[in-house]
Structure formats: structure tokens, C-alpha cells
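None of the figures in this text is laboratory data; all of them are computed from the coordinates on show. Worth saying up front: this structure is predicted, and the values here are computed from it rather than measured. Glycine also receives a Cβ, built like all others from the backbone with ideal geometry; neighbour counts cover every protein chain displayed.
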Amino acid sequence: MWKKRTGQQILVLFLCALLVVLLSNNMEKMGKYNEFRHIKFTDSWFRAKFFSEEMREVSDWLPERAKALLRNVEREITYFPVPESAKKPSLTTSFVDTWQAERNYKGKRGHEGTDIMASENIRGLYPVVSMTDGTVVNIGWLDKGGYRIGITSNSGTYYYYAHLDSYADVSEGDEVEAGQLLGYMGDSGYGPEGTKGQFAVHLHMGIYLYLDGEEISLNPYYVLQALESRKLKYEYS
Ligand SMILES: [Zn+2]
């Protein structure tokens, strides 16, 4: 009798504990659902964490429009924008997350992109290719961006490549393919047309959305991270 009762008590206790674990687990999920189901593209969390592992973890709870955007970008990004050198492996690039870091040229603002730095500070050496298929919608000089090129992908996402040294054979309206040469990495910008050398050679990448007439910039850092294993090889040294 004694043994039997203990056995039953242990079973009851075990079932109670299981119930508590299941309930708390479910409540945690509900909490996350409530936290993320209202997220907007304009929310700083969404813009800063775009494409990160953290965002993927909660992607089930994101609104449908946000999920669709993640899928669009995932589908269209094909190559890292700076190919490796087949001739000189020491020519490399690196980048860190500087989303919204302070920038001061022509007024204080947050950095709306990721800077891909060149291991050797030589303008016009590193090729820059399109990350996606798309159409060239902007090409030419901007005070802040220098010689820049803007490509709208088939999903309507805008990919912005800035501070180029020179352009490849591309013009406004051209259709480009992922991996196609756009120009060469440089240090142009921060002045009137032709200004160079105001900072180190790098490629500034920006990613923008146009939603209900509003331009929304996203953090390209995690997108670039996802593409690090997809670098083309070009012949340059
Ligand atoms: Zn930048």
C-alpha cells in the first residue's frame, strides 16, 4: 500500500511539473507573439536587425508584409558586392555593424548603411558588382555619396552603392544581372563633383524600401554577412 501510494504521488507531482513547464513555455511564446506581431518597418528594431538571426528567430510572429520583405531580399541577393582577387589573395575587405553611428558631414545624422573597407587603400582597384538582378535607376554624383549607383531590384528594393572611383559600362535604365561589374571602389564624395580622398577607400552599401510613399532605410550588415560565403573571383591585383 505504502509503495503504491508513493508511486501515485510521484506520478501526480510529475504531471503537475510538466503542466507548469508547458504553460510557462506557452506564455513566453504568447509574449513574443504580442511583442512582434505589431512591428512596423519604421520601428528601429526592425530596421537595425533586418535579416539578423534574431529576426529570423521571431519571423513566425512578424506581420505578413515584413515576412514577405525578408523572403524577397533572401530570394534576390546573390553575390557579395566586392569580388575576391584571383591574383592577389591579400586584397581583402572587412566590415562591421555601424548602423546609425554618428556622421557629421553637412549636419549630424545616423549612418544609413554598412561600409566595406579595403585592406589596401588604393582607389580604383577593387571591383564592385551588383548584389542582385535589377535596373539602374540612379547614376552620377552626390555630395554625400560621391560617384554612386542605385539599383532597384525586381521586388522594388533599392540597393545603393556609394563612393565609387569610376563606373563600368552601365547607364541609367540599364538592366543588370547579379554579379555584373558596376564600377570600382573608391573614396569619392564629401564635396563638389570629383572630390576624392576625404576618407579611406571603401564601398558604402545602403538598402532602402519604398512603402506607402515613404523611404525606409534598413541595416545592410546582416545581409552582407549572409553573402560573405558568396564572393565572386575577379582577376585584379
Ligand atoms: Zn557609409
Inset, instruction - Show which lysines lie in cross-link reach of LYS32 when reach means a straight Cα distance below 17 angstrom and same-chain residues fewer than eight apart are skipped. - result: LYS40, LYS49, LYS67
Inset, instruction - Within region 125-185, report the GluC sites (Glu not before Pro) that DSSP leaves as loop and that have at most 11 other Cβ atoms within 10 Å. - result: none
Legend entry - In degrees, nearest ten, helix 2-36 long axis to first principal axis of the chain (Cα): 30
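Neighbour counts of other C-beta atoms within 10 Å: give me ASP115, ASP212 arranged from fewest to most. Don't skip to the end; give the middle numbers.
Details: ASP115 20, ASP212 6.
Ascending Cβ contact count within 10 Å gives the list ASP212, ASP115.
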Legend entry - Nearest 10 degrees, 0 to 90: helix 64-76 Cα axis against the chain principal axis: 50
Inset, instruction - Return the tail of the calculated pair distribution for region 125-222, meaning the percent of Cα-Cα pairs more than 19 Å apart. - result: 38
Inset, instruction - Find, to one decimal place in angstroms, the Kirkwood hydrodynamic radius of region 69-234, where the mean of 1/r is taken over every pair of different Cα atoms and then inverted. - result: 15.8
Legend entry - Stretch gain in nm, segment GLU53-GLU215, where the contour uses 0.36 nm per residue and the Cα spacing is subtracted: 55.9 nm
Inset, instruction - Report the charge-dipole magnitude of region 29-134 in Debye, nearest 20, computed about the Cα centre from +1 at each Lys and Arg Cβ and -1 at each Asp and Glu Cβ. - result: 300
Legend entry - For VAL21, VAL82, order by how many other beta-carbon atoms lie within 10 Å, fewest first: VAL21, VAL82
